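Here is the structure we will look at, set down as structure tokens.
Just so it is clear, none of the values below were taken in a lab; they were calculated from the coordinates. Values in this document were obtained by computation on a predicted structure and should not be read as measured data. Don't worry about glycine lacking a Cβ; one is built from the backbone with ideal geometry, like all the others, and counts go over all protein chains shown.
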Amino acid sequence: MPLFTWHGDLPLEAWRTVPRGAVATLAGHPDWLDIPLEGVLFLDTETTGLVGGAGTLIFLIGFARLEGEALVFRQLFLADPAAEPAFWQAFLALTRGVQGLVTFNGRGFDLPLIEMRLAIHRLRWPGLDVPHWDLLPTARRLWRRRLPSRALTALEEAVLGLERSPDDVPGYEIPSRYWSYLQTRSLEPLEGVFAHNRQDVLSMVILAARLAHLFEAPEMDPAVRGWDWMQLGRWYQESGRWEAAERAFRRALEEGWEDLELRRAAWHALGTLLRRMGRLEEAAGVWQEWAREFPNEVLPAARLARYYERIQRDPLEARRWAQIALKRIDLQGDPARWWSLRESLTRRLTRLGDVLLWADSEERA
């Protein structure tokens, strides 16, 4: 397929222009920075069972990778279980030179099953040892708060601009269709399975490209909304991209006017990030906004009490915020949850009272 071929909202070319640093971060493996894209294999299997196990056969493998100016997609079909050794020998020959692997739930299903079937025939595939990017955990982490399902078909519709044909074969039907083929030797029941597998592999190519481009420049992607910004911000923060994290958390606040839970999470995350960056005055401003917007919220008041005592050396303001925090704790109705913070605030008030008493006596003297 030429790289100008579109699959949903993106052309296949999007994979060739993918930002390597984003792939390395999302895949959790720095070696992705050095893997040529021609060495990356996208792979999906169809099997005789949905839960794996020693009796489960892989009867169809679809795989694709860049070759020159095209994405080349191939399928290997196990026409007869007796031909399984030849099937796997062909697979090893056709995937020679793989340097990186992309799957969707491959870590939990495809790869263990491939390894098991190869071991039965005393074979080993080098692809099992290369850096692997399983797109399912990435999609779950990014979209778990906004999308009700992170199945590949659901992501196609919600993120990739694709809609499966009404004739698409659901996954649970695939094993029975292969058994039907073995009984009748008619390929007709499997035509939809071949198409289903092809769609899965192409969608993985576009999903990988979409995720990497989105991670690198989320402001350019209209698919990023609401809670996605929070998830991205947390990911940026973990990977040391603090400025990107700040932008993401602020964008979550901008888009979260109708979602109080999102705004609460964004205020919390932004204040914590600014504190870690050493921008304490800005962090205090965030905590004040958070405290004003959520009159019963305990944490911003408690953090302001600490800020005014330790940073601003302002015992009067520190005492005021500590008292506000304690009143808000009383409104929560969950003493066990807030016991530790209540004790800390009580000690702070005692300490601040002593400071104010000493200051008053000094002033009188």
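Amide H contacts for Phe59 (H built 1.01 Å from N in the peptide plane; partners 5 or more residues away or on another chain; cut-off under 5 Å): Glu46, Thr47, Thr48.
Where does helix 111-120 land angle-wise versus the long Cα axis of the chain, in degrees 0 to 90, nearest 10? Taking the Cα atoms of the chain, the angle to 111-120 is about 40 degrees. State the Cα centre-to-centre distance between region 76-115 and region 1-52 in whole Å. First find each Cα centre; the distance between them is then 17 Å.
Our estimate of slack between Ala119 and Ala217, defined as 0.36 nm per intervening residue step minus the Cα-Cα distance, is 31.0 nm. Packing, taken as the mean count of other beta carbons within 10 Å per residue, orders the peptides 306-312, 227-233, 2-8 from highest to lowest as 227-233, 306-312, 2-8. Sequence-distant contacts, meaning Cα pairs under 8 Å at least 6 residues apart, place the relative contact order of the chain at 13 percent. Computing semi-axes √(5λ) of the Cα gyration tensor in Å directly from the structure and comparing it against (i) 36, 25, 22; (ii) 56, 20, 19; (iii) 45, 23, 17 singles out (ii).
In a simple Cβ point-charge model (Lys, Arg +1; Asp, Glu -1; nothing else charged), region 122-213 has a dipole of about 540 debye relative to its Cα centre.
Near Asp110: Cβ cut-off under 14 Å, other residues only, Lys/Arg at +1 and Asp/Glu at -1. The net charge is -3. Each part reduced to its alpha carbon centroid, region 135-206 and region 258-296 end up 41 Å apart. With the highest mean first, a sort of the peptides 341-351, 142-152 on other beta-carbon atoms found within 10 angstrom per residue produces 142-152, 341-351. The alpha carbon gyration tensor of region 261-359 gives principal lengths a ≥ b ≥ c with a/c of 1.5 or higher and a/b no greater than b/c, which makes the shape oblate. Here r is the Cβ-Cβ distance between Ala154 and Leu50 and R0 is 22 Å; the resulting FRET efficiency, rounded to 0.05, is 0.80. Compared with the dominant principal axis of the Cα atoms in the chain, helix 84-94 is inclined by about 70°. Our coupling estimate for region 230-236, obtained by passing each phi through the Karplus curve with A = 6.51, B = -1.76, C = 1.60 and θ = phi - 60°, is 5, 5, 5, x, 5, 5, 4 Hz, Gly and Pro reported as x.
In this rough spin-label picture, where each label sits 7 Å from Cα along the Cβ direction, the Ala82-Thr184 distance is 2.3 nm. The alpha carbons of region 105-216 give a radius of gyration and a Dmax of 16.4, 51 Å, in that order. Only Lys, Arg, Asp and Glu carry charge here, each on its Cβ (+1 for the first two, -1 for the last two); on that basis the chain has a dipole of about 1360 debye about its Cα centre. Between Asp330 and Arg145, the contour length at 0.36 nm per residue exceeds the alpha carbon distance by 63.6 nm.
Relative to the dominant Cα principal axis of the chain, helix 174-184 is inclined by about 10°. Across region 295-305, rounded Karplus estimates of 3J(HN,Hα) from the backbone phi angles (6.51 cos²θ - 1.76 cosθ + 1.60, θ = phi - 60°) give x, 9, 6, 7, 4, x, 5, 5, 5, 5, 4 Hz, Gly and Pro being marked x. Under a 5 Å amide H cut-off, with hydrogens placed 1.01 Å from N, Trp133 pairs with Leu101, Val102, Thr103 among residues at least 5 apart or on other chains. Near the amide H of Leu3, within less than 5 Å, lie the amide hydrogens of Leu71, all on another chain or at least 5 residues away, with H placed in the peptide plane. Legend: calculated FRET efficiency, Arg225 to Glu293, from the Cβ-Cβ distance at R0 = 35 Å, rounded to 0.05, equals 0.95. In terms of packing, defined here as the mean over residues of other Cβ atoms within 10 angstrom, the peptides 188-201, 29-42 line up highest first as 188-201, 29-42. Charged side chains reduced to their Cβ positions (Lys and Arg at +1, Asp and Glu at -1) give region 245-365 a dipole of some 360 debye around its Cα centre.
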